[in-house]
Amino acid sequence: MRARRLAATLVAGAMLGFGLTTAASAEDVFTSNFSNIPYNFETRRWTDNNKDSVSTAITLSYCINSSSGGTTADPRLELRRNRTALPDVSHGEKQLGNCRNATKTGSWGRMTTKGEYFFRYRGVNNTTQRLSASTVKVAW
């Protein structure tokens, strides 16, 4: 499992262009993109130090189901907290809605436990097909 996560992290670094910016009200934020990511893909990890009351959220813009020639995408994402040598904690999945020609946000509320968090891609249009998104914004 650890090797799979390491491989996903290495793939993430190759597939995602990270640009760090800071939101005025959030503890932090990063923006990136998804390019043909597979089912169970994990985003980069970040540390939430619980310094504010801002909700943890992910926003996707202009998504396509890249396995089926760029059709409409209705992605499902899961927020997880990493735990070394223990199973990760799931904070649940959210279906973001059709973001082919739109911007959709999923919000998981305030994380009250300090820790390392990440999102896991859980499919598009209730399938395990690949996803692309021109803009991905994670705020916590």
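One table, with the values for the structure above:
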| item | result |
| --- | --- |
| Residue 72-residue 105 FRET efficiency (beta carbon distance; Förster radius 25 Å; 0.05 resolution) | 0.90 |
| In nm, spacing of pseudo-spin labels at residue 82 and residue 51 (7 Å Cα→C-beta vector) | 1.9 nm |
| The range 93-140 - accessible surface per residue (Å², probe 1.4 Å) | 47 Å² |
| Stretchable slack from residue 98 to residue 26, in nm (0.36 nm times residue separation minus alpha-carbon distance) | 23.4 nm |
| Computed lengthening from residue 90 to residue 35, 0.36 nm per intervening residue step minus Cα-Cα distance | 17.4 nm |
| Within-10-Å neighbourhood charge of residue 75 [Cβ basis; K, R +1; D, E -1] | +3 |
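The values are calculated or read from the model by the stated rules, or taken from the named source; none is laboratory data. Owing to the predicted nature of the structure, the values given are computational and were not obtained by experimental measurement. Backbone-built Cβ (ideal geometry, glycine too); neighbour counts: all protein chains shown. These area figures cover heavy atoms from the full protein model, side chains too; ligands, DNA and RNA do not enter into them. Shrake-Rupley method; radii C 1.70, N 1.55, O 1.52, S 1.80 Å.
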